[in-house]
Amino acid sequence: MWGGRFSEKPDAVLEAINASIDFDRRFYAQDIRGSKVHIAMLAATGIVAREDAAAIFKGLNQVLAEIEEGRFTFSRALEDIHLNVENRLTEIVGPAAGRLHTARSRNDQVATDFRMFVRDALDGLDRSLHGLQQALVSRAAPNAGTVMPGFTHLQSAQPVTFGHHLLAYVEMIGRDRGRLADARRRLNECPLGAAALAGTSFPIDREMTARGLGFDRPTANSIDSVSDRDFVLETLSFAAICAGHLSRFAEEIVLWSTPQFNFIRLSDRFSTGSSIMPQKRNPDAAELVRGKTGRVIGALVALLTVMKGLPLAYSKDMQEDKEGLFDALDTLDLNIAATTGMVLDMTVNARTMANAAGAGYATATDLADWLVRVLGLPFREAHHVTGRIVAVAAEKKLPLERLALADMQAVEPRITEAVSEVLGVRRSVASRTSYGGAAPANVKAQAVRWRKRLAKEAQAFDNTPTDA
C-alpha cells in the first residue's frame, strides 16, 4: 500500500503492533458511509468523473453487503478498516477505485469515521438512559409515601421516602444525559477534507460533505481536525461519571438486599447462588455493575495519558484511542441494562423500611426545629438541648417518641405535649415540604414532572430518523 517508497515487507512484529483491523472493523458502516458521501462530493465538484463515482458507489454497496452478511475477509496485512474496504473495492471496481482516496487521508478519514461512530453510540446510550429514568420513575411514583431511613455517613440521619431516594438517581442520570448531549453537540463537526493535516489543493466542497454525513459544519482548522480527540475524552468523561452513578446505586442495592437491611429483594432473575452455601442469594448483577465501573474510568485515564504529550498533528499513538472507548461504551451500555432490569425486578419491603426509618433517633432534627419554631430558641441552643434529650433517650434505650415528657422537661422545662406531633417518622417526612424536599406530595409532583418530560422525549425519539 505504500507504493515505491518501501521495498521490503513489514516485520511480523511491526504488523502485529501496527494493525488495528481486529478492533476498528467496527467502523465499517461509518467508513463506507463516509466514502459514499466523499465520492458524491468529488463527482459533484468535477474532481472525479461521474461514471467512476457511480462505479465506486455501487462497489461500496457491495462491500457493505458482504460485511453485513459475513462474507467479507478481513486481513491484518491491510492494517485497518479503511485499507480493507479500499482493497476489496479495487477488486470489484478495478483501478478506478483508487480515485476514491482523492483529496483525503486516512487521518481525516478515521477522524470522521470515529466521530460518526461515537455520535451513533451516544444516541444509543441516551435512549438506554432514558429507559432507566422511566423505570426509576415508574417505581418512585407508587413509593412516594414509602418511608425509609435517609443516611449520611451510612448512619441513620432523617426519614425520607423510597420514591424520593429513587428520584435522586433520576436527577443524576438527567445530568449524565446533559453531559452526553454536550459532548455530542461539540463533536458534530466534520473533519473530512482536512486530509493529512494541511487541507488539500483540490476544489472540494466541505460543506456538502458535512451536510451529507449529518454534521453541523466542517471543522475550521485542518491541523486540529486530525489531531483532536477531545470528543473521545469528553465521551469517556461522561461515561465515567455515569458509570459512577450506576455504581453508587449498585452499592445500595447490594446493601439493601442483605438480611441485615432487608429493604428490597431481587428475584431469581437477578440473583445467583453459592457453590457451597445453599442458603445464599447473591446480588451479582449489582456487584458487577459496581465492579465494571473501574474499566470505564480506566479507559478515560488511559486516553488522557496517551494524549497528554503528543505534538501536533497526528501520531500513531492515537490508534490507542479506540479499544478503550469501545470497551467503555459496551460496558456502560450493559451496566445501564442491568440496572434497569434490577429496578423493575426489585420487591420493596415497605414495613422493614418504615421500622428502620426511626432508628438512630432520626427525628432529632424535627425536635430541634420544634424548639426553634415554638419556643424561639436559637438553633445552636436547640441543637444542644436536643442532643441532651437524645442522650437521655439512649440511656433509657427508648426512641424519642416514647420518651416521657417529664424526661424532656428535665432538660428543657418549656417543652409541652405538643412536641409529640413532630416526633413520628411519617409526620417528619410529611413536614419536609420545601421545594425538592422529601414530603410525599413533593415526590408525587416530581414524579409527574419527570413522567411528562420523559414521555415528551420518547415522542421525540420516535420522530427522529435513526440515520441522522
* **Rounded Å value of the spacing that divides the Cα centres of segment 229-295 and segment 350-390** => 34
* To do: Could you pull the Cα extents of segment 240-354 along its three principal axes, largest to smallest, in whole Å?
  => 62, 33, 21
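Leaving out ligands and nucleic acids, and using a 1.4 Å probe, what accessible area per residue does the chain come to in Å²? Mind showing how you got there, number by number?
Numbers: 22690 Å² over 468 residues.
Each residue of the chain exposes 48 Å² on average to a 1.4 Å probe.
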* Structure fact -> The relative contact order of segment 142-183, taking Cα pairs under 8 Å that sit 6 or more residues apart, comes to a percentage of 31
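I'd like to compare 269-279, 108-118, 345-355: which one has the highest average count of other Cβ atoms within 10 Å, and what's the full order after that?
On the way: 269-279: 10.9, 108-118: 25.2, 345-355: 16.5.
The densest-packed peptide leads the list: 108-118, 345-355, 269-279.
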* Amide proton proximity set for Thr161, modelled H, under 5 Å, gap of 5+ -> Met148
* Asked: Taking Cα pairs under 8 Å and at least six residues apart, what relative contact order does the chain come out at, in percent?
  -> 17
* Quick one: Karplus J couplings for segment 351-366, per residue in order, coefficients 6.51, -1.76, 1.60, θ = phi - 60°, nearest Hz, x for Gly and Pro? -> 5, 5, 4, 5, 5, 7, 5, x, 5, x, 6, 5, 9, 4, 5, 5
* What is the set of long-range amide H partners of Val48 at a cut-off below 5 Å, with H atoms built 1.01 Å from backbone N? -> Ala43
* So what's the angle, to the nearest 10 degrees on a 0 to 90 scale, between helix 230-256 and the longest Cα principal axis of the chain? -> 30
* Taking 7 Å along the Cα-to-C-beta vector as the label spot, tell me the Thr433-Arg248 distance in nanometres, rounded to one decimal. => 2.9
* Structure fact -> Carbon plus sulfur, as percent of the 1.4 Å-probe accessible area of segment 33-192, comes to 49
* **Label-point separation, Leu344 to Ala157 (7 Å along Cα→Cβ), nm** => 3.2
* Asked: Could the peptides 451-461, 243-253, 403-413, 144-154 be put in order, highest first, of the mean number of other beta-carbon atoms found within 10 Å of their residues?
  -> 243-253, 144-154, 403-413, 451-461
* Nearest 20 debye, what's the magnitude of the dipole of segment 166-315 about its Cα centre given +1 on Lys and Arg Cβ and -1 on Asp and Glu Cβ? -> 380
* Structure fact -> Summed over the other residues with a beta carbon less than 15 angstrom from that of Met353, with K and R at +1 and D and E at -1, the charge totals +3
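Past 31 Å, Cα to Cα, is the threshold; run Lys58/Lys322; Lys280/Lys456; Lys9/Lys322; Lys36/Lys316 against it and keep the listed order. Write out the running numbers ahead of the final one.
On the way: Lys58/Lys322 29 Å; Lys280/Lys456 43 Å; Lys9/Lys322 26 Å; Lys36/Lys316 26 Å.
From Lys58/Lys322; Lys280/Lys456; Lys9/Lys322; Lys36/Lys316, over 31 Å: Lys280/Lys456.
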* Residue-averaged [θ]222 nm for the chain, counting only DSSP H segments that reach four residues, each worth -39500 (n - 2.57) -> -20000 deg cm²/dmol
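Work through the residues other than Gly193 whose Cβ is under 10 Å from its Cβ and net out their charges, Lys, Arg +1 and Asp, Glu -1. If you can, show how the numbers build up before the last one.
Values: positive: Arg104, Arg206; negative: Asp108, Asp205, Glu207.
Net of charged neighbours comes to -1.
Determine, for each peptide in 214-226, 390-402, 425-437, the mean count of other beta carbons within 10 angstrom over its residues, then list the peptides with the highest first. Mind dumping the intermediate values first?
Values: 214-226: 18.1, 390-402: 14.7, 425-437: 16.5.
Final packing ranking: 214-226, 425-437, 390-402.
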* With r defined as the distance between the Cβ atoms of Gln62 and Glu323 and R0 fixed at 22 Å, what FRET efficiency is calculated, to the nearest 0.05? -> 0.15
* To do: With 5 Å bins from zero, work out the P(r) of segment 350-468 over every alpha carbon pair and list the percent per bin.
  => 2, 10, 16, 17, 14, 9, 7, 5, 4, 4, 4, 3, 2, 1, 0
* **Cα lying deepest toward the dipole's positive end in the chain, options Val226, Thr416, Ala54, charges on Cβ** => Thr416
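The values are calculated or read from the model by the stated rules, or taken from the named source; none is laboratory data. It should be emphasised that the depicted structure is a prediction, and the values quoted were computed from it without experimental measurement. Cβ sites come from the backbone with ideal geometry, for glycine too, and all protein chains shown count toward neighbours. Heads up: the accessible areas ignore ligands, DNA and RNA and are worked out on the full protein's heavy atoms, side chains in. Shrake-Rupley method; radii C 1.70, N 1.55, O 1.52, S 1.80 Å.
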